[in-house]
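First comes the structure, then the notes that go with it.
The values are calculated or read from the model by the stated rules, or taken from the named source; none is laboratory data. Keep in mind that this is a model prediction, so the values were computed, not measured. Here the Cβ is made from the backbone with ideal geometry for all residues, glycine too, and neighbour counts use every protein chain on show. SASA here: full protein model, heavy atoms, side chains in, ligands and nucleic acids out. Shrake-Rupley method; radii C 1.70, N 1.55, O 1.52, S 1.80 Å.
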Amino acid sequence: MIASKRRLGKTRKSSKNIWGQLADACGKIREHLYVNHDKRSARRYQRRLELIMKQLPENDLAIIRQEGAALLSELKDDLDSAIEHRRKEIELTERLHKSVQESVDRGDYDAKMAASILEYRDAKALKQRRAILRALEEQRHAYELRDGVGRSRSAPKKPRR
């Protein structure tokens with residue numbers, strides 16, 4: 001009997017929960033965009049993110065939904081929408097921090113529970129999101145200066161036939 005030397009590839013872990021799938025997709029896009037600075041590789045996940053976002057139940061208070069919307073807008077080069085969603089994400093994260101701190105102060109949560117709730121939304125992550133927001137705002141400002149969006153433009157000339 002001849003045995004194959006070919007190895008089986010790793011099976012991809014996929015979350016059964018739509019929110020888990022969103023978190024996985026956001027994590028991969030975030031790594032390509034902000035760690036590797038490779039927008040082209042991040043765009044490989046754009047269609048997947050679009051499909052997941054369409055399947056999500058309506059919940060504007062979900063932090064991960066705002067992050068997904070911000071990443072999707074950024075991949076589509078819609079800076080205004082990306083900035084809006086990042087601001088909402090930061091606002092919701094700050095509300096989460098406040099709520100968890102109040103629960104710790106009341107004695108509802110201990111420090112370990114609070115840390116587990118804020119695992120991917122801690123102060124370090126909040127600082128990173130604020131830096132991303134600043135970078136997006138600077139990028140939008142640079143586009144405005146370059147393209148002269150703030151200045152009045154003359155009407156385009158009619159093309160010759």
Only listed residue being assigned to a helix (DSSP H, G or I) and closer than 21 Å to W19 by Cβ, chosen from S99, S103, S81, S41:
S99
Going residue by residue through the stretch 57-68, is there one that turns out to be in contact with a helix residue (DSSP H, G or I) (Cβ under 6 Å, 6 or more places away or on another chain) and either surrounded by fewer than 13 Cβ atoms within 10 Å (Cβ to Cβ) or without any contact (Cβ under 8 Å) to a residue 24 or more places away in the chain (or both)?
no
Picking from L71, L33, L92, which residue would you name as being in contact with a His (Cβ under 9 Å, 6 or more places away or on another chain) and surrounded by 17 or more Cβ atoms within 10 Å (Cβ to Cβ)?
L71
The stretch 97-119: number of residues that are of a type outside the set (D, E), open to solvent by 90 Å² or more (accessible area, probe 1.4 Å) and modelled with pLDDT under 90
0
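Yes/no matrix, rows are residues, columns are (1) under 21 Å from E119 (Cβ atoms); (2) β-branched (V, I, T); (3) at pLDDT 95 or above:
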site	(1), (2), (3)
L8	no, no, no
R47	no, no, yes
S73	no, no, yes
I83	no, yes, yes
R86	yes, no, yes
Filtered residue count, the stretch 37-56, keeping only those that are open to solvent by 40 Å² or more (accessible area, probe 1.4 Å) and either touching a Lys or Arg at 6+ places or on another chain (Cβ under 7 Å) or not hydrophobic (A, V, I, L, M, F, W, C) (or both)
11
